[in-house]
1. Taking the stretch 114-138 only, how many residues are modelled with pLDDT of 95 or more and surrounded by fewer than 17 Cβ atoms within 10 Å (Cβ to Cβ)?
2. Within the stretch 71-113, track down each residue that is closer than 21 Å to LEU189 by Cα and either touching a residue at least 40 places away in the same chain (Cβ under 8 Å) or surrounded by 15 or more Cβ atoms within 10 Å (Cβ to Cβ) (or both).
Amino acid sequence: MKSLVLEKCLEIVKDSYPDYNEDKLDEIRYGLEAFYLSITKLVAIFFLAYLLGILKETACLFLAFNVLRLSGFGLHAAKGWMCWVSSTIVFLVIPYFCRILALPSTLLMILTLFCEVNLLLFAPADTQKRPLIHRKKRVLWKIITGFTGIIFTCFILTTQSTFVQNILLSAMLIEGALVNPFVYKIFHLSYNNYKTYVYRTEQN
């Protein structure tokens with residue numbers, strides 16, 4: 001099914017842009033495959049969340065996490081099955097505990113501030129396949145991620161909703177883990193991949 005969908009999409013691209021070479025088509029194929037896997041995984045997880053009665057919780061965590069992920073980036077699973085396992089744990093197990101868990105206010109504050117400092121120090125983080133080679137963009141993404149984390153922190157420390165606190169803190173914890181160099185080291189992945197590239201944009 002995946003191969004059929006990808007080939008059909010590539011045929012449309014080839015017809016629309018006949019001047020694209022094989023390197024460009026390979027790049028598009030990689031992007032289409034990543035998009036396809038993301039969509040199918042998302043549909044499956046949301047369907048399971050619906051069956052488990054935690055669709056609202058899963059949707060809220062997914063939204064909060066991706067708000068941080070858009071500018072913070074971070075590591076990706078090296079293999080497809082690892083992505084499925086980690087995504088299932090993150091978006092089906094954690095939302096359940098967000099619904100029932102109530103942290104002491106002191107612990108909540110410590111964890112929230114730790115997460116914000118972690119994001120300020122290490123976001124954005126790149127991968128070998130997607131190095132963040134432009135310095136100005138890295139600075140911009142760091143500012144956006146840090147500011148988003150501050151907004152999350154303010155909501156966590158001021159809202160009376162335990163559920164909102166848990167969702168936002170979980171999103172910060174997850175994204176914080178994905179940008180932390182120690183986690184990269186655990187999975188034997190290279191960190192700050194942009195440093196291995198020589199590019200002209202930073203000389204302007």
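The values are calculated or read from the model by the stated rules, or taken from the named source; none is laboratory data. Only a predicted model underlies this, so the values are computations on that prediction, with no experimental measurement involved. All Cβ positions, even for glycine, are placed from backbone atoms using ideal geometry, and neighbour counts span all protein chains on display.
1. Number satisfying all stated conditions: 4.
2. If the condition is that a residue be closer than 21 Å to LEU189 by Cα and either touching a residue at least 40 places away in the same chain (Cβ under 8 Å) or surrounded by 15 or more Cβ atoms within 10 Å (Cβ to Cβ) (or both), then SER71, GLY72, PHE73, GLY74, LEU75, HIS76, ALA78, GLY80, CYS83, TRP84, SER87, VAL90 are the ones that fit.
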